[in-house]
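S.K.: Structure provided below as C-alpha cells; questions to follow.
The values are calculated or read from the model by the stated rules, or taken from the named source; none is laboratory data. Keep in mind it's a predicted model, so treat the numbers as computed, not measured. Cβ placement follows ideal geometry from the backbone for every residue including glycine, while neighbour counts extend to all protein chains displayed. Side chains are part of the model used for accessible areas, which takes the heavy atoms of the whole protein and leaves out ligands, DNA and RNA. Shrake-Rupley method; radii C 1.70, N 1.55, O 1.52, S 1.80 Å.
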Amino acid sequence: MNDSWKQDPRLKSMNPEKIKFLTDFAEQLNTTPKDQMLARFIAFSAEARRRNISFSDQETRLLTDILINYLTPADRSRFDRLRSMTR
C-alpha cells in the first residue's frame, strides 16, 4: 500500500488515537482482497463506533480518499451510491 496518505496535512490536526486507528485500517487494507474492500470499510466503521471513535466531516473525507484508492471499479460505484444516499 502506498503510505503517502500519511503525509496528508489534514492529519496534523487529528487526534493521535485516530491516526493510529487509520494506520491500522490502512495496514488491514494491505491484506484485504479488492473484492472485500467495501466489507472491510463497513467493519472499520463498526469498530470505530464500538471504540467510541468518531470522525469529523473533514476526517471522514480523508478516510474516503484512502478507501477509494483501493476499491475495485464495481465497489467504487457501490460506495459512491452509498455515499450519495447518506448525504
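S.K.: Counting Lys and Arg as +1 and Asp and Glu as -1, what is the net charge of the other residues whose Cβ lies under 13 Å from the Cβ of L38?
M.R.: Once positives and negatives cancel, what remains is +3.
S.K.: Modelling each spin label as a point 7 Å along the Cα-to-Cβ direction, I'd like the N15/S56 distance in nm, to one decimal.
M.R.: It works out to 1.2 nm between the two label points.
S.K.: So for the stretch 1-79, averaging the separation of alpha carbon pairs under 8 Å that are six or more residues apart and normalising by length, what relative contact order in percent results?
M.R.: Here the relative contact order equals 40 percent.
S.K.: Would you mind telling me which residue in D75, D57, D65 has the biggest mean-square fluctuation in a Gaussian network model of the chain, where springs connect alpha carbons within a distance under 10 angstrom?
M.R.: Comparing D75, D57, D65 in the GNM, the peak value goes to D57.
S.K.: Still on this structure: The stretch 16-80: which trypsin sites (Lys or Arg not before Pro) are DSSP loop and have at most 13 other beta-carbon atoms within 10 angstrom?
M.R.: R51
S.K.: The stretch 8-30 to the stretch 33-62: how many Å between their Cα centroids?
M.R.: Result: 11 Å between the Cα centres.
S.K.: If I fit a long axis through the Cα atoms of helix 37-50 and take the longest principal axis of the Cα atoms of the chain, what angle between them do I get, 0 to 90°, rounded to 10?
M.R.: The angle comes out at about 40 degrees.
S.K.: OK, next. Within the chain, what whole-number % of the accessible surface is contributed by carbon and sulfur, with the 1.4 Å probe and all protein chains included in the calculation? It would help to have the intermediate numbers written out before the result.
M.R.: Details: 2850 of 5730 Å².
Summing carbon and sulfur atoms, their accessible area is 50 percent of the total for the chain.
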